[in-house]
Amino acid sequence: KTQKEEIEKRIKEIEKEYPSVIEKKDDEKPKEKPTQQIIHTSQQSNDQNNQNNQNKEILDYLQEALEPKVAEVRLSTRLKTHPVCLVAKDGISFEMEKVLSSMPDGNPYGMKATKVLEINAEHPIFNALMNIYKSNPEKVKEYATLLLDQALLIEGFPIEDPVGFSMKICDLMVEASK
């Protein structure tokens, strides 16, 4: 079992033993029956797996372009309006990585979160990536680094080459105006 599952299990045990200790607000109470929630989550997981399998070729290509900076590139079910986000895989969280890096001697053990880049399949950027991948796969590598840098900035991490990032954005703007 994962740590999250263990914590959820323990919270439920505490709720049964001490019902008044953990009181849920009305907006936190489940609106569906638990079995419906599980089915819904299972369906989402199946949909995500299907989408990832259908787009395996481009996702693998993006991952290869971004190695070793990310452990995986996959399609996201959590994003609604943003094109990309970073999530931590197993191990330490992003917040823990930031705390370790802010220590006086830096991060002496080099502990870093395992980063996963998630792309919103519903965002127009994904269709753009697919079209560019078909016509010019090498160009997709540039866009992959742009998306990773964007995700890093959103998550509060510094990017390796801010000047390069700025130049790529300017190049894209000039290219789009032609």
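Of the candidates Leu148, Leu117, the single residue that is touching a strand residue (DSSP E or B) at 6+ places or on another chain (Cβ under 8 Å) and assigned to a helix (DSSP H, G or I) is Leu148. Here is the figure for the stretch 113-131: residues that are under 18 Å from Ala176 (Cα atoms) and open to solvent by 60 Å² or more (accessible area, probe 1.4 Å) total 3.
When only residues in the stretch 153-178 that are not hydrophobic (A, V, I, L, M, F, W, C) and not in a helix (DSSP H, G or I) count, which is surrounded by the fewest Cβ atoms within 10 Å (Cβ to Cβ)? Break it down into steps so the answer makes sense when it comes.
Restricting attention to the stretch 153-178, the residues satisfying the condition of being not hydrophobic (A, V, I, L, M, F, W, C) are 155-156, 158, 160-162, 164, 166, 168, 171, 175, 177-178.
Right, trim to not in a helix (DSSP H, G or I) and you get 156, 158, 160-161, 178.
Values: Gly156: 10, Pro158: 9, Glu160: 12, Asp161: 11, Lys178: 4.
The selected residue is Lys178.
Residue by residue, here is whether (1) loosely packed, with under 11 Cβ neighbours inside 10 Å; (2) in a helix (DSSP H, G or I); (3) within 15 Å of the chain's Cα centre (by Cα); (4) small (Gly, Ala, Ser) holds:
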| residue | (1), (2), (3), (4) |
| --- | --- |
| Lys69 | no, no, yes, no |
| Arg74 | no, no, yes, no |
| His82 | no, no, yes, no |
| Glu95 | no, yes, yes, no |
| Lys98 | no, yes, no, no |
| Asp105 | yes, no, no, no |
| Tyr133 | no, yes, no, no |
| Val140 | no, yes, no, no |
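The values are calculated or read from the model by the stated rules, or taken from the named source; none is laboratory data. Keep in mind that what you see is a predicted model, and the values were worked out from it rather than measured. Quick reminder, even Gly has a Cβ in these numbers, built from the backbone with ideal geometry, and neighbours come from all protein chains shown. What goes into the accessible areas is simple: the full protein's heavy atoms, side chains included, and nothing from ligands, DNA or RNA. Shrake-Rupley method; radii C 1.70, N 1.55, O 1.52, S 1.80 Å.
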